[in-house]
Amino acid sequence: MNALILAGGFGTRLRPLSCTRPKMMFPLANRPLLDWILESLAQKGVTKVVLAVNYMADILKKNFASLKHGIKIVYSYERKPLGTGGPIKNAERFLNKDGNPFFMLNGDILSSINYSNLYDAHRATKAEATIALREVEDPSRFGVVELNGKNQIQNFVEKPNEGQLQSKLINAGVYALNQSIFSLIPNGRKISIEREIFPKLVKNRSLFGYKFDGFWIDSGKPNDYITANKLVLDRIACSEPFLEKEIGISSKAKIIPPVAIGSNTIIGDDSQIGPYSSIGDNVTIAKGTNVMNSVVFPKAWIDRFTSINGAIIGEGAIIGQWVKIEDQCIVGDHAVIGDNVTLTQKVQICPRKELNNSVLQPATIM
Ligand code: GTP
């Protein structure tokens, strides 16, 4: 089986960290998102993945090359962004070799979808396209579908207005597509599969849904990314912290699982890590510092008596002593946060910025 992964988005909602790496390189429990996705595809028999790339493609290629988890990886380059539909046509030559349906995935989705069951459901209904569907409480920011009793999609509305649809079933960003999809997509221009292709398939009754339960998260926004990290930690770590070798954790530090701690990372006396934190490789955390519900990228340096809760700290960032960083704040790569600074909510610090004053409301600091 083959799969196409959309991996070319700019990831603007995860700026400034997405200014220096594509979204699929964001770590979850210290492994890139793409690594988790490839592993789950490999477990269900996918043998070839086409990565549809443009933005920062070289970083993906450098890290994943052409083989991972037994999956052959092929890169389909776009000279300009082609949206969520154009990349399908652009990758046709890599996907039409065996004539079989293939999967397509948004690259920022992490889920426990059983791809084999999705494939079987797609085959059974003779659909042209099948969308994996997930029920959520608030469907307003997603594509919402209405199904009939045969799982045929009657209506597909992208980001509906309040009351427009009764359904809470949303497009989970994972699809099984027939080869015939290529003939519906024009060459060389930006296309939205949700807005331009799915409505056509609804009209000719060839769009079906596959409902699934379990693990699903779109990690495209800071709070969702932190939640995705949390869900992954819950799945892998159970009651033991997930620790790489060669870590220098003080015997006086308190590690509260689930957490992931990378190689060569130092944790000082009386610090408390976790629950729900991922600390990358080569990080230094000094004495008396707390890090919970957060992601710390590699090579960050966090000084004494600092508290980090619900935040993302970029690669090589330097955080001073007695600092407080909270709720969805993002510190860009190599930024420097001075002693005693407090960042309360949704503050984004640009890469390499030096900040010595507190910011107590949402802001982007350039
Ligand atoms: P935001 O800018 O934060 O909305 O993120 P995004 O650019 O990634 O957009 P969005 O989350 O809507 O994209 C959903 C999926 O489609 C992600 O996996 C993106 O990488 C991917 N994607 C979006 N636009 C393109 C594109 O033009 N080309 C390719 N190949 N993938 C894309």
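The values are calculated or read from the model by the stated rules, or taken from the named source; none is laboratory data. All values derive from a computational prediction rather than experimental measurement. Here the Cβ is made from the backbone with ideal geometry for all residues, glycine too, and neighbour counts use every protein chain on show. Heavy atoms of the whole protein, side chains included, go into the accessibility calculation; ligands, DNA and RNA do not. Shrake-Rupley method; radii C 1.70, N 1.55, O 1.52, S 1.80 Å.
Quick notes
- When the residues of segment 67-100 are filtered to those that are away from the ligand (no atom under 11 Å from the Cβ) and in a helix (DSSP H, G or I), the one that is surrounded by the fewest Cβ atoms within 10 Å (Cβ to Cβ) is 93.
- Residues of segment 287-308 that are open to solvent by 30 Å² or more (accessible area, probe 1.4 Å) and among the small types (Gly, Ala, Ser): 307 alone.
- Condition check for residue 44: away from the ligand (no atom under 15 Å from the Cβ), farther than 30 Å from residue 348 by Cα, crowded, with 16+ Cβ neighbours inside 10 Å and at pLDDT 95 or above: no
- Per-region count, segment 320-338, residues under 19 Å from the mean Cα position of the chain (by Cα) and surrounded by 24 or more Cβ atoms within 10 Å (Cβ to Cβ): 4
- Residue 103 falls short on exactly one of the conditions (1) under 30 Å from residue 226 (Cβ atoms); (2) among the hydrophobic types (A, V, I, L, M, F, W, C); (3) part of a loop (DSSP other than H, G, I, E, B), and that condition is (3).
- Looking only at residues of segment 8-41 that are among the small types (Gly, Ala, Ser) and more than 15 Å from residue 58 (Cα to Cα), we find that the one that is nearest to the ligand (Cβ to nearest atom) is 11.
- Checked across segment 126-145, the condition of being crowded, with 21+ Cβ neighbours inside 10 Å, acidic (Asp, Glu) and touching a helix residue (DSSP H, G or I) at 6+ places or on another chain (Cβ under 6 Å) holds for at least one residue.
- So residue 210, is it in contact (Cβ under 8 Å) with a residue 24 or more places away in the chain, hydroxyl-bearing (Ser, Thr, Tyr), open to solvent by less than 60 Å² (accessible area, probe 1.4 Å) and within 16 Å of the ligand (Cβ to nearest atom): no
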